[in-house]
Amino acid sequence: MSIISLKGVSKEFNTRAGKVNAITDINLEIEEGDIYGIIGLSGAGKSTLVRCMNLLEIPTEGKVVFDGEELTDRNKKELNKKRRNIAMIFQQFNLLMQKNVLRNVSFPLEIAGISKKNAEEKAKELLKLVDLEDRIYSYPSQLSGGQKQRVAIARALSTNPKVLLCDEATSALDPDTTKSILRLLKKINRDYKITIIVITHEMEVVRQICNKVAIIEKGEIAETGTVEAVFKKPKSAAGRRLFFQKEDEPDLHMRTSVKNRVRLAFDDNRAYEPVIANMIIELKAPVNILYARMESVGENQKGQMVIGLSEDEEIARKQKEYLRENKVTFIELEEGEANSLESNDLEEDEDRNMYGKEGR
Ligand SMILES: Nc1ncnc2c1ncn2[C@@H]1O[C@H](COP(=O)(O)OP(=O)(O)OP(=O)(O)O)[C@@H](O)[C@H]1O
Ligand SMILES: [Mg+2]
């Protein structure tokens, strides 16, 4: 069942320079238990979208339905009550600098009418959950970025929310700290059954924890799907732009004149490595590795590799036969075609001969 659903949501801002359509006609279904990534470039409308989910921003058009109830037509008091189910964390942590860690977490509980003693007790529990029990009397200025975000997460959980919205929550953190915060979010999702919405401009973040993803570009949703499907083969031009604008792959367009290239798709590198090594030994013919990329998608490892088989057609034929027999999924690349799944050939791949477990 959908915990949050957006139906035709648009938000227009009036500025001195005129009207800005920050988001347009957004339809999204977020299921209970999802870790849902919303990814897009700067200015795409991600923050506006997430702020519309808890009505911090009132949509100009459309409906926001939370847990079966429409939020867009509530009065202020009802809305405030509902909002307690939707917590939020930010890139800049937004902690109270004059209060210590414990008070940062207990203060909102007291505002909600809980006694100081009970509020602090609950705060201590939450701080234990985020691994900060030994820092409860520190002040935010004495903490690292990752620790500050942990405090913010503990505070966000204090109202027992059903949904946690994360707007670029790891964007100010280094890669290792990012990983540890993402692990914490995953734990919260799993152990406390809290639905998490992750706004980010980094694919890596989506890949590491999300099960579903929406790609947003210029205020519109370009595509949605499981992380596995979208990462394997983005359908939209916006998706392809996001995924394949890789600065770190200068070889992408090179060596395309190499003959007898095949692209292998694999789910697990342990499975294909020995096959290729054995093929080289058995057929006494080398192969040329032109491109390889492994990535983890959710829990799984996925990858693609382009190898140049022998230039001798007869040997190349045997090599393909060997790959087929060993159930390696591959397609043959045309001469002149780029190594990566970069351009519009993504769509065409569908129709082409696929061998191995996904093919005939
Ligand atoms: N309060 C506002 N008033 C006017 N325009 C706004 C307002 N908030 C956002 N916008 C505009 O709406 C568009 C989307 O902005 P938004 O902050 O949602 O993008 P974003 O994807 O979160 O970007 P970033 O990755 O930089 O945080 C931008 O053109 C922005 O200038
Ligand atoms: Mg933003």
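Taking each residue as 0.36 nm, the span from Thr226 to Ser2 lengthens on full extension beyond its C-alpha to C-alpha distance by 79.1 nm.
Set the Förster distance to 41 Å, then compute FRET efficiency between Lys327 and Asp131 from the Cβ-Cβ distance, nearest 0.05. E between Lys327 and Asp131, to the nearest 0.05, is 0.40.
Per residue, the chain exposes 50 Å² of accessible surface when a 1.4 Å probe is rolled over the protein heavy atoms with every protein chain present.
Taking Cα atoms, how many degrees apart are the long axis of helix 101-111 and the longest axis of the chain, rounded to 10 and kept between 0 and 90? Approximately 60 degrees, to the nearest 10. Highest mean packing comes first when the peptides 81-89, 279-287 are listed by Cβ atoms within 10 Å, giving 81-89, 279-287. Only beta bridges with both residues in region 2-243 are counted; by DSSP, about 55 percent of them are antiparallel. Relative to the longest principal axis of the C-alpha atoms of the chain, give the angle of the C-alpha long axis of helix 145-157, reported between 0 and 90° and rounded to the nearest 10°. Tilt relative to the chain: about 60 degrees. Taking label positions 7 Å along the Cα-Cβ direction at both Glu31 and Glu204, the computed distance is 2.9 nm, reported to one decimal. Taking R0 as 51 Å, what's the FRET efficiency between Arg293 and Gln142 from their Cβ-Cβ distance, rounded to 0.05? The calculated FRET efficiency here is 0.80.
At 1.4 Å probe size, with the rest of the protein present, what percent of the exposed accessible area of the chain is carbon and sulfur atoms? That fraction is 47 percent. Our helix-only sum for the chain, with -39,500 (n - 2.57) per DSSP H run of n ≥ 4 divided by its residues, gives a mean residue ellipticity at 222 nm of -10500 deg cm²/dmol. Each Lys or Arg adds one and each Asp or Glu takes one away; over the other residues whose Cβ falls under 14 Å from the Cβ of Ser2, this sums to -3.
Each of the peptides 235-243, 172-180 was scored by the mean count of other Cβ atoms within 10 Å over its residues; in descending order, highest first, they stand as 235-243, 172-180. The spread of Cα positions in the chain, taken along each principal axis and listed from longest to shortest, comes to 81, 49, 37 Å. May I ask for the angle, rounded to the nearest 10°, between helix 313-325 and the longest principal axis of the chain, with both axes built from Cα atoms and the value confined to 0 to 90°? Its long axis makes an angle of about 50 degrees.
The values are calculated or read from the model by the stated rules, or taken from the named source; none is laboratory data. From a predicted model like this one, the values you see are computed outputs, not experimental measurements. All Cβ positions, glycine included, derive from the backbone under ideal geometry; neighbour counts span all protein chains shown. To get the accessible areas, we keep the full protein, side chains included, count just its heavy atoms, and leave off ligands, DNA and RNA. Shrake-Rupley method; radii C 1.70, N 1.55, O 1.52, S 1.80 Å.
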